[in-house]
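A short write-up of the structure that comes next.
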2 protein chains.
Amino acid sequence: MLPIDLPSNAAARERIRAAYSPELFAEAAGNWAEILGQHMTQVQAGQTPVLNWNDPLPNVRLAREVLNQAPTTATDDERVARFRELILVMLSRGHNLHHPHYVGHQVPPSVPLAGLFDALGSVTNQVMAIYEMGPWGVAVEQALVSRLAEAIGWDPARSAGLVTHGGAAANLTALLAARNVALGDAWEGGVARSGPAPVLVVQAEAHYCMGRAAGILGLGTRQVVKAEVDADHRLDPVRLEATLNRLRGEGHPVIAVVACACATPVGAFDPLNAIADICEKHRVWLHVDAAHGGSALLSPRYRHLCAGIERADSVVWDAHKMLFVPALCAFVMYRNRDHSFRAFSQDAPYLFDASAPDLREFDGGLRTLECTKRTAAYGLWGLWSLFGPQLFADLVDVTFDMGSQFHARLSAAPDFEPLHAPQCNIVVFRHTPEALKNATPEELGMFQLRLRREVIESGEFYLVHGVVNGIPALRVTLMNPLTTTEDLDQLLETLRIRGRALLETHR
Amino acid sequence: MLPIDLPSNAAARERIRAAYSPELFAEAAGNWAEILGQHMTQVQAGQTPVLNWNDPLPNVRLAREVLNQAPTTATDDERVARFRELILVMLSRGHNLHHPHYVGHQVPPSVPLAGLFDALGSVTNQVMAIYEMGPWGVAVEQALVSRLAEAIGWDPARSAGLVTHGGAAANLTALLAARNVALGDAWEGGVARSGPAPVLVVQAEAHYCMGRAAGILGLGTRQVVKAEVDADHRLDPVRLEATLNRLRGEGHPVIAVVACACATPVGAFDPLNAIADICEKHRVWLHVDAAHGGSALLSPRYRHLCAGIERADSVVWDAHKMLFVPALCAFVMYRNRDHSFRAFSQDAPYLFDASAPDLREFDGGLRTLECTKRTAAYGLWGLWSLFGPQLFADLVDVTFDMGSQFHARLSAAPDFEPLHAPQCNIVVFRHTPEALKNATPEELGMFQLRLRREVIESGEFYLVHGVVNGIPALRVTLMNPLTTTEDLDQLLETLRIRGRALLETHR
């Protein structure tokens, strides 16, 4: 007998065995596959709303009620029946990105099969941080990093990269490395210093996570210097050089210059070669946020948009955007392999095995924000291995081309105003019906917001809004390669019909 | 005709339609369900290795070769056949956490059904940041935050919380909020300042992500002040008070005191009420890292371990640890709702809709590191809704009890040395065979590391190592509720056999 006095866990163990039952799992997984297959068919055929709109409070209330109704005991058949109910609730209250009328954010209707590869990691709970916890997760990550490095134009043996949970985390990681390289002692000593404050020079229309990074990293958002853009929303190299000269004259250390391929608002690609010339001259770290546009590198037709990216010190490239895998799968890439170890530094003796030092190179936790990390690259590795890179070129070509096709329609319509020449699949515009010819810019802007809200809550289309010159506008990202030009025509027609109804209501 | 001249995308669209085919997806999903069901049966029955060990280089090489062999064209049947091959490679090279001999890191064999709920989000690519992108993802997140707040002992209406990608990100988020509250202007102005440097007081055995947070946030790792622990590895309140008095005397602003429930090395739970008394007296933010132990709150038998947690300003609680859902699903909880808006601050007019200000409360992107965020709480919501909170109590009870049961075995064995009295399911010990009675501590430590490597590479058991008083030790986290006491006996026997072989080889 053991010298411990514990209550018997027989009943608890019985309940746990029931929850882990492989038979129950197999039965539920079969139902899951069947329901998701039907769902995918209906959504792609446009037989559902795009967004299933419900107000937040009723949704939260329902989610709480369902939680509270969980039965403690049930037969396997009852569990499967409830499992079906639960996933039907999840589907019927969710957002149908695979609907051809989804033309919203830079989040794709991922290739459904990519979700299955990703989900293999969820069910088996494969994770990384150290190689031995997720050996295959590390292997596919490194294999993909090599391919992406080649696409950028780097030697995989001298560059490095890793996958992390999203573009914001990826940009933060790269800028942390840049900060530590620029300031030397910042990791250990902090950014406290006498003299002019270190600054981050950021494309004026870069993603908000750049300003955030300055706030997080202790630099302060006031130390973000905006690099001005030209009329096409692209970073202006001439003004960048003037800015760097001024900062140098004032004695500010420059952490990095952040350029975009492409920037979020209208999808503008910065002139990277001209920017790299200036950064090299000033010996400043060049970071390129290619979260959205990096995937153009895999398209012979569009790779020219990223010309010069190989001269960056760090690049962020989100596979969960234009490589059409589920979120989150963002790559941070470093031209100089050593820089990949500069972001973080820590002592975790219980994680890293002194008897096997050769494995450290593969212990990704040394270089990522995450300790435990999902095998976030399973989806991309599976998809790439199943279809090859041609699929990615196709996806970029079809969606980017649609940007031009949609812009042509807007230009030809008297009651729509395109606000820029599209460089990719992001297009920003306004609906300008005759009845609003005398509206103030503010009224016209508020009309775009109200109109969008009507349309998205109807479930007919999902599009987003943007802000150009301080005035709201409509914005589409043509993220669904199943969207057709007929759908684009229908979008304009839907906006006209909903717009008329809105104007009548307010009259 | 439209005034644009683009190449025809007919062939590309055809290839894309083939990749998105709902029929192909349904066929693959059915195969996926069948293969994973069989896999789960075999692994739970112990018919596979635990870890499928392969050296990193051959694994990376294979992952790269498979990528390069992707066929551009294939029939649906050929695609399904290749899909099967790919997922079989992934399974055969992965880590089998559901094997009863998995007693490794604080990463659970998640309840397989939880993986299916999570995977629904992967296949449909549901994401959050703003409510309208993932309305059901936000709803289940908020419903769960309410339940976790109640378990902590907070009023859900006055507290707040959110889910993020992992414990490291969660702790960083909470400490960022604490930094911004303590220093006032840090977000905008940066942490540079005159006078004594701001410091972070951290339990001496806290997770390495705390020191990292100081490095990331611009405080500097040298500004981490260790709060000493007692012989049971628990933060010593008397010495904490002396430390705070000293820091105050020297004029250092204190960002926060970080306590653990429990700390990683041996799973020690800090005396939170005594610590809260001191933090209240000194008006210092108390952060409790309850990534692992927070789940004890759902067990009537073990909730006493967290007594006082309701007095913390912020708490981190990982559902992907002791709530047995797949990674990553970590909750950051704030006692004071307003604090949840203090971590970040940004201006992203294209995301947040001025025409619907009431939705901002539900636009979680304002409060998380991520912009696009997976619906990371789908797994927990589904599991909770299917089985209710009793399952979580059962899982905590069975695994924590096993900690005592294993410790009793170690104590009774002449050739094993337990290194602490376990408080949960983490147990650290050394194998001390007769042949090593005269070994130096360093030799004994290296023996533990070599022994562990032999065992894990054999696939017989997966356990990890720890370091106690500077000397390596063996460490188990009894994370698999399907592990039995017979398996624990077998673990000791396996260590003896492998240990003897190792000593003979080195003789």
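The values are calculated or read from the model by the stated rules, or taken from the named source; none is laboratory data. Just so we're clear, the structure is a prediction, and the values are computed from it rather than from any experiment. Because the Cβ atoms are built from the backbone with ideal geometry, glycine has one as well, and the counts that use them run over all protein chains shown.
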Open item on the list: I need the full set of residues from region B:103-140 which are β-branched (Val, Ile, Thr), within 24 Å of B:Leu36 (Cβ to Cβ) and either assigned to a loop (DSSP other than H, G, I, E, B) or in contact with a Phe, Trp or Tyr (Cβ under 6 Å, 6 or more places away or on another chain) (or both), in order please.
Closed with: B:Val103, B:Val107, B:Val111, B:Val140
TODO: Please find, within region B:150-171, the residue that is surrounded by the fewest Cβ atoms within 10 Å (Cβ to Cβ) out of those that are small (Gly, Ala, Ser) and assigned to a helix (DSSP H, G or I).
DONE: B:Ala151
TODO: Might you check whether a residue that is surrounded by fewer than 22 Cβ atoms within 10 Å (Cβ to Cβ), without any contact (Cβ under 8 Å) to a residue 40 or more places away in the chain and out of contact with any strand residue (DSSP E or B) (no Cβ under 7 Å at 6 or more places or on another chain) occurs anywhere in region A:363-378?
DONE: yes
Task: Condition broken by A:Pro71, with the remaining ones in (1) under 26 Å from the mean Cα position of the chain (by Cα); (2) not in a helix (DSSP H, G or I) satisfied - done: (1)
Task: Candidate set: region B:16-51, residues that are at the interface with another protein chain (Cβ under 7 Å from one of its Cβ atoms) and within 19 Å of B:Thr483 (Cα to Cα); chosen: the one nearest to the chain's Cα centre (by Cα) - done: B:Leu51
Task: Lone qualifier among B:Val288, B:Val257 - being surrounded by 21 or more Cβ atoms within 10 Å (Cβ to Cβ), over 25 Å from B:Ala393 (Cα atoms) and among the β-branched types (Val, Ile, Thr) - done: B:Val257
Open item on the list: Condition first: touching a Pro at 6+ places or on another chain (Cβ under 8 Å), buried (at least 19 other Cβ atoms within 10 Å of the Cβ) and over 16 Å from A:Phe461 (Cβ atoms). Now tell me which residues in region A:37-69 satisfy that.
Closed with: A:Gly37, A:Met40, A:Asn59
Open item on the list: Residues to consider are B:Ala174, B:Ala139, B:Ala178; find the one that is of a type outside the set (Lys, Arg), within 20 Å of the chain's Cα centre (by Cα), modelled with pLDDT of 95 or more and buried (at least 24 other Cβ atoms within 10 Å of the Cβ).
Closed with: B:Ala174
Open item on the list: So B:Ile456 passes all but one of these: (1) under 28 Å from B:Leu502 (Cα atoms); (2) at the interface with chain A (Cβ under 7 Å from one of its Cβ atoms); (3) not polar (S, T, N, Q); (4) not in a helix (DSSP H, G or I). Which condition number does it fail?
Closed with: (4)
Open item on the list: Can you tell me which residue is farthest from B:Ile16 (Cα to Cα) among those in region B:52-68 that are charged (D, E, K, R) and in a helix (DSSP H, G or I)?
Closed with: B:Arg61
Open item on the list: Restricting to region A:335-362, and then to whatever is more than 9 Å from chain B (Cβ to nearest Cβ) and modelled with pLDDT under 85, can you tell me which residue is surrounded by the fewest Cβ atoms within 10 Å (Cβ to Cβ)?
Closed with: A:Pro357
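Condition check ((1) within 16 Å of B:Gly161 (Cα to Cα); (2) assigned by TED's automatic domain parsing to the domain that holds B:Gly190; (3) out of contact with any Cys (no Cβ under 9 Å at 6 or more places or on another chain)) across all residues:
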{"site": "B:Ile278", "(1), (2), (3)": "no, yes, yes"}
{"site": "B:Trp285", "(1), (2), (3)": "no, yes, no"}
{"site": "B:His292", "(1), (2), (3)": "no, yes, no"}
{"site": "B:Leu297", "(1), (2), (3)": "no, yes, no"}
{"site": "B:His304", "(1), (2), (3)": "no, yes, yes"}
{"site": "B:Ala307", "(1), (2), (3)": "no, yes, yes"}
{"site": "B:Ser314", "(1), (2), (3)": "yes, yes, yes"}
{"site": "B:Ser355", "(1), (2), (3)": "no, yes, yes"}
{"site": "B:Gly364", "(1), (2), (3)": "yes, yes, yes"}
Open item on the list: Taking the criterion of being surrounded by 21 or more Cβ atoms within 10 Å (Cβ to Cβ), farther than 18 Å from A:His465 by Cβ and more than 10 Å from chain B (Cβ to nearest Cβ), would at least one residue in region A:424-444 satisfy it?
Closed with: yes
Task: In region A:448-488, the residues that are in contact with a helix residue (DSSP H, G or I) (Cβ under 7 Å, 6 or more places away or on another chain) and more than 25 Å from B:Ala356 (Cα to Cα) - done: A:Pro481, A:Leu482, A:Thr483, A:Thr485, A:Leu488
- [ ] Please tell me if B:Gly267 is closer than 26 Å to B:Arg367 by Cα and in contact with a helix residue (DSSP H, G or I) (Cβ under 9 Å, 6 or more places away or on another chain).
- [x] no
Open item on the list: Any residue at all in region A:290-306 that's within 27 Å of B:Val60 (Cβ to Cβ) and of a type in the set (D, E, K, R)?
Closed with: yes
Task: Residue among A:Leu144, A:Leu162, A:Leu175, A:Leu183 that alone is touching a Phe, Trp or Tyr at 6+ places or on another chain (Cβ under 8 Å) and more than 8 Å from chain B (Cβ to nearest Cβ) - done: A:Leu162
Task: Residues of region B:300-326 satisfying the condition of being more than 26 Å from A:Leu217 (Cβ to Cβ) and of a type in the set (Gly, Ala, Ser) - done: B:Ala307, B:Gly308, B:Ala319
